1. Filter the stretch 345-366 down to residues that are assigned to a loop (DSSP other than H, G, I, E, B) and at pLDDT 95 or above, then give me how many there are.
2. Is it fair to say I133 is closer than 26 Å to A206 by Cα and either basic (K, R) or touching a residue at least 40 places away in the same chain (Cβ under 8 Å) (or both)?
3. Looking only at helices (runs of 4 or more DSSP H) that fall completely inside the stretch 19-129, which ones have 3 or more residues that are open to solvent by less than 50 Å² (accessible area, probe 1.4 Å), at pLDDT 95 or above and within 20 Å of H139 (Cα to Cα)?
4. Output yes when any residue across the stretch 315-328 is more than 12 Å from F263 (Cα to Cα) and open to solvent by 70 Å² or more (accessible area, probe 1.4 Å), and no when none is.
5. With respect to A185, is the statement that it is of a type in the set (G, A, S), open to solvent by 20 Å² or more (accessible area, probe 1.4 Å) and out of contact with any Ser or Thr (no Cβ under 9 Å at 6 or more places or on another chain) true?
6. Quick one: is H138 within 15 Å of the ligand (Cβ to nearest atom), in a loop (DSSP other than H, G, I, E, B) and either open to solvent by 10 Å² or more (accessible area, probe 1.4 Å) or of a type in the set (S, T, N, Q) (or both)?
7. Looking at the stretch 162-185, which of its residues are in contact with a strand residue (DSSP E or B) (Cβ under 8 Å, 6 or more places away or on another chain), of a type in the set (A, V, I, L, M, F, W, C) and more than 16 Å from the ligand (Cβ to nearest atom)?
8. For the subset of the stretch 225-246 comprising residues that are open to solvent by 10 Å² or more (accessible area, probe 1.4 Å) and not in a helix (DSSP H, G or I), which member is farthest from S152 (Cα to Cα)?
Amino acid sequence: MATGFVFHELYLWHNTWNWNQVFPPSLTVQPGTHAENPETKRRLRNLLEVSGILDHLVTIKPRRATVEELSRVHTPAHIAKIREISDRGYGDASSLTPLGAGSYEIALLAAGGAIKAMEAVITGEVDNAYALIRPPGHHATADVGMGFCLFSNAAIAIRHAQQLHGLTRIAAVDWDVHHGNGTQAIFYDDPSVLTISLHQDNLFPANSGAIAENGEGKGKGFNINVPLPPGSGPGAYAAAFERVVIPALMRFKPELIVVPSGFDASGVDPMGRMLMNSSGYRRLARMLLDAARELCGGRLVMTHEGGYSEMYVPYCGLAVIEELCGHRTGVEDPWDQLMGQWGGMSAQPHQTAAIDQAAELVKNIN
Ligand SMILES: [Zn+2]
């Protein structure tokens, strides 16, 4: 298996300032670090290097996306606004989304990284790819940057695949703990893109990601939300994949699968209240790989989103990338066994009930 890997040092230079996790500094609590800072990504990249798995990956060099490529998804006003704030040197893309000098160019490099990963998979240069890009993208809508996201990297790559490479059916499976509202909104009336989001019920954005949001117009039926109760772990996620995600993919028959990949559903993440561990993510990756092999020649592209535990995101990312490339490094995740002993790791009845509701939506894919 050839697995492509996208990364660039500049991804770590996007400045989110000294905010207190998600709030601007104030004269209350001493200024700290924004949750979306370089550290988790840097440490994931470092683990890929020291574990030796980097030698088994095909390096894909990112480039900056062009304004034309961004414009397939975003409004000119939004693109201009991000550029203006970046050129000014400091500002907020909307709320809770600070950026600094150079962030515009770095965001172009992130979107372009997703495009390059997509192209490498479509042309057969690699079988699948992981784009470790930053800033993230899945909350950004056509005209608003939000939730630490400036441009919708996955959506830009999907439109690129459709318009330049002629793909007609692409599925996005978002396992970030927060709702993939941006990707949903961008393709909401579009039956050529099946968007699926598994997330903690009503976490972020507020009042977003309900089961009832099932697409509209021609896109009716082609958006599926699986809002999971807080405390859902590997058992619930696997059940959601078995009963909702995989059946939906089988029905939709995509030509390629994209995964906006966040590791903030882990049991030790500060920004979510779920119980996933690295073996849980590994299992989901395995299921998607099997589905991709059956449906679309194994074509799978992952674009990095959230994940805010500096010491745990690397293990989750490594497990997923090990599955993608079929090489085991032998690195042991010490948390995996510990978390495996926690209560609530298997699917609980109230979680299964929520999954069963979402499973009803599969038949709406026509
Ligand atoms: Zn997230």
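The values are calculated or read from the model by the stated rules, or taken from the named source; none is laboratory data. The shown structure was predicted, so the numbers you read here are calculated from the model rather than taken from an experiment. Positions of Cβ are generated from backbone atoms using ideal geometry, with glycine treated the same way; all protein chains shown enter the neighbour counts. All accessible areas refer to the heavy atoms of the entire protein, side chains included, with ligands and DNA or RNA removed. Shrake-Rupley method; radii C 1.70, N 1.55, O 1.52, S 1.80 Å.
1. Within the stretch 345-366, the subset assigned to a loop (DSSP other than H, G, I, E, B) is 345-348, 365-366.
Okay, now just the ones that are also at pLDDT 95 or above, so 345-348, 365.
Total meeting the criteria: 5.
2. Details: closer than 26 Å to A206 by Cα: yes; either basic (K, R) or touching a residue at least 40 places away in the same chain (Cβ under 8 Å) (or both): yes.
Spelling it out, I133 is indeed closer than 26 Å to A206 by Cα and either basic (K, R) or touching a residue at least 40 places away in the same chain (Cβ under 8 Å) (or both).
3. On the way: elements: 39-50, 67-71, 76-88, 103-122.
Fully inside the stretch 19-129 and qualifying: 76-88, 103-122.
4. Keep residues of the stretch 315-328 that are more than 12 Å from F263 (Cα to Cα), which gives 321-328.
So of that shortlist, the ones also open to solvent by 70 Å² or more (accessible area, probe 1.4 Å) come out as 328.
Yes, the stretch 315-328 has at least one match.
5. On the way: of a type in the set (G, A, S): yes; open to solvent by 20 Å² or more (accessible area, probe 1.4 Å): yes; out of contact with any Ser or Thr (no Cβ under 9 Å at 6 or more places or on another chain): no.
No.
6. Details: within 15 Å of the ligand (Cβ to nearest atom): yes; in a loop (DSSP other than H, G, I, E, B): yes; either open to solvent by 10 Å² or more (accessible area, probe 1.4 Å) or of a type in the set (S, T, N, Q) (or both): no.
No; evaluated as a whole, the condition is false for this residue.
7. Selection gives L167, I170, A171.
8. Checking each candidate, the answer is G231.
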